[in-house]
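Quick notes on the structure that follows.
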Amino acid sequence: MVPIQAAAAPAMPYADAAVAAPLRRLIGEVGQRSGEFPAYLANHLPMVLEAMARLGATPERLEAYARHYTRSHAVPFPPPAIAPLEDDTWRAALGRRERETDLRLYFEGVVGRIGSAQAVRLSMPVLAPGVAASATHGLMRLAYALLRADDKEVAAALGYWAATYLRYEDVAQDRLPDTADPLALLIGMREEPSLQAVDAPTHLLWKWIEAMGQIPAFQDRLGRLQAAPDLLDRMRPAALALYAGTMSFEALHAVTGCHWLRLVSPVIDAPEQLARHFWEVVLALYTKIGMPQPPDEAMLESWRRLPLPDDQEIAKAAVASDDEHDHSLVFSAFEEFRHTGDRLYKVVAARRVGLID
């Protein structure tokens, strides 16, 4: 078995080293705002500014995009503090968005005392089961904070994850895992009639995830995936195949999420447990896209051989976009290509930004 590991190579550097200082200042400013904007949508801005900079954005483009994003989404500041939290009380604030400021301040104190890596390591056994927080964007913010080695952002990410915490009830706590294959567990859902044409109360991803947890046939899928050391390596190609076959918004998060897991894994104990909880979120979102059959290996291989524009053209198209999911997907795809060598990542990146069909 190949254990979950850190990236084989350092992350993509900034195309222009001069962008680092203005980027740090800009992320420091926008990072003071809430992790979500109305109504309960994830604020991607601190993360995608980093992605855009590594894809080649200029300081001017980053400033302009930050103004556009903050204005167009009316990104608020977090709610006022209610009461200080301590080591023995912060868990009581899990899932309470009105405590975002209190949780941020708590984690700022923890990071200040013991450092970012230890703060993440100690809090993860509590946070991991609630990785569905803000449709997994708490994980995203933490991953980018660790990529940046940014203590302030680590604290903000942990506070955001905790405030939007969302976990499935312990319906599977006594279930013995019976499969090591994430894709087989996903595809097996197609055989269950009650999971066909599921209707959830809202378009919000995290509300869909939450609603799936109430369906008995979905509850039966929880706890079945073996949390083996190579789980992320098994999840990665399954997520990529699902996205390549659907190019859906939901499957996009499976691909980027595997990148985020890889960034977080080196600083936590038992990263396979976090990966297992994340894949259960993917199972929930699979129903939202109609549970399509993923493409077979022959089809995937034919896509891998497609002619592609060069990396610079793909990156330039992503940077020019105002869609935060373009920046996120292209950067994660480039990073996962650097990690795996799988050309299909570049294919889906080029497709995402409209450069190939």
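The values are calculated or read from the model by the stated rules, or taken from the named source; none is laboratory data. Please read all numbers here as calculations on a predicted model, not as lab measurements. Cβ: placed from backbone, ideal geometry, glycine included. Neighbour counts: every protein chain shown. What goes into the accessible areas is simple: the full protein's heavy atoms, side chains included, and nothing from ligands, DNA or RNA. Shrake-Rupley method; radii C 1.70, N 1.55, O 1.52, S 1.80 Å.
Among PRO84, PRO237, PRO59, the residue with the largest mean-square fluctuation in a Gaussian network model of the chain, with springs joining Cα atoms closer than 10 Å, is PRO84. Comparing PHE77, PHE278, PHE107 in a Gaussian network model of the chain (Cα springs below 10 Å), the most mobile by mean-square fluctuation is PHE77. Looking at segment 236-280, which GluC sites (Glu not before Pro) are in a loop (DSSP not H, G, I, E or B) and have at most 12 other Cβ atoms within 10 Å? Nothing satisfies the criteria. Just checking my list (i) -0.52, -0.79; (ii) -0.28, -0.47; (iii) -0.40, -0.63 against log10 I(q)/I(0) by the Debye sum over Cα atoms at q = 0.07, 0.09 Å⁻¹ computed from this structure; which label fits? Correct label, based on the coordinates given: (ii). Short-range pairs are left out: with C-alpha atoms under 8 Å and at least six residues apart, the relative contact order of the chain is 21 percent.
Solvent-accessible surface of segment 115-207, taken per residue with a 1.4 Å probe and all protein chains present: 40 Å². About its Cα centre, the chain has a charge dipole of approximately 500 debye under the convention of +1 per Lys or Arg Cβ and -1 per Asp or Glu Cβ, with nothing else charged.
Residues whose amide H falls under 5 Å from that of ILE82, counting only those 5 or more places apart or on a different chain, are ASP102, with hydrogens built in the peptide plane. Phi angles of segment 302-317 translate, via the Karplus equation with coefficients 6.51, -1.76, 1.60 and θ = phi - 60°, into HN-Hα couplings of 5, 5, 4, 8, 5, x, 10, x, 6, 4, 4, 5, 5, 4, 4, 5 Hz per residue; Gly and Pro are given as x.
For segment 289-327, the list of trypsin sites (Lys or Arg not before Pro) that fall in a loop by DSSP and count at most 15 other C-beta atoms within 10 angstrom reads ARG305.
Please report the carbon-and-sulfur percent of the accessible area for segment 225-268; probe 1.4 Å, protein heavy atoms only, DNA, RNA and ligands left out. Write out the running numbers ahead of the final one.
Working: 520 of 930 Å².
C and S atoms contribute 56 percent here.
At 1.4 Å probe size, put ASP230, ASP181 in order of accessible surface, largest to smallest.
Result of the area sort, largest leading: ASP181, ASP230.
Farthest towards the positive end of the charge dipole of the chain, among the residues TRP161, PRO237, PHE218, is the Cα of TRP161, using unit charges on the Cβ of Lys, Arg, Asp and Glu. The simple Förster model, with R0 at 41 Å and r as the Cβ-Cβ distance, assigns ARG190 and GLU98 a FRET efficiency of 0.55.
Carbon-plus-sulfur fraction of the accessible area of segment 301-357, 1.4 Å probe, in percent? Before the final figure, lay out the partial values.
Details: 1130 of 2400 Å².
C and S atoms contribute 47 percent here.
Residues within the reach of a label modelled at ALA180 (point 7 angstrom out along Cα to beta-carbon, backbone nitrogen below 17 Å), restricted to segment 229-244, are 229-238. Per residue, the average separation of C-alpha pairs within less than 8 Å and at least 6 apart gives segment 63-146 a relative contact order of 19 percent. Near the amide H of GLU36, within less than 5 Å, lie the amide hydrogens of ASN43, all on another chain or at least 5 residues away, with H placed in the peptide plane. Entry comment: accessible area of segment 253-319 is 37 Å² per residue, from protein heavy atoms only and a probe of 1.4 Å. Of the GluC sites (Glu not before Pro) found in segment 130-200, the ones in coil according to DSSP and having at most 11 other Cβ atoms within 10 Å of their Cβ are GLU169.
Protein heavy-atom surface of segment 61-220, 1.4 angstrom probe: 54% of the accessible area is carbon and sulfur, with nucleic acids and ligands not counted.
With +1 on each Lys and Arg Cβ and -1 on each Asp and Glu Cβ, and nothing else charged, work out how big the dipole of segment 66-209 is about its Cα centre, in Debye to the nearest 20. Write out the running numbers ahead of the final one.
Working: 16 positive and 18 negative charges, 137 e Å.
Value, rounded to 20: 660 debye.
Quick one: if the Förster radius is 22 Å, what FRET efficiency do ASP151 and ASP87 give, using the C-beta to C-beta distance and rounding to 0.05? Intermediate results must be reported in sequence, preceding the final value.
Numbers: r = 18 Å, r/R0 = 0.84.
For ASP151 and ASP87, the calculated efficiency is 0.75.
When THR101, THR89 are compared by accessible surface with a 1.4 Å probe, the order from highest to lowest is THR89, THR101.
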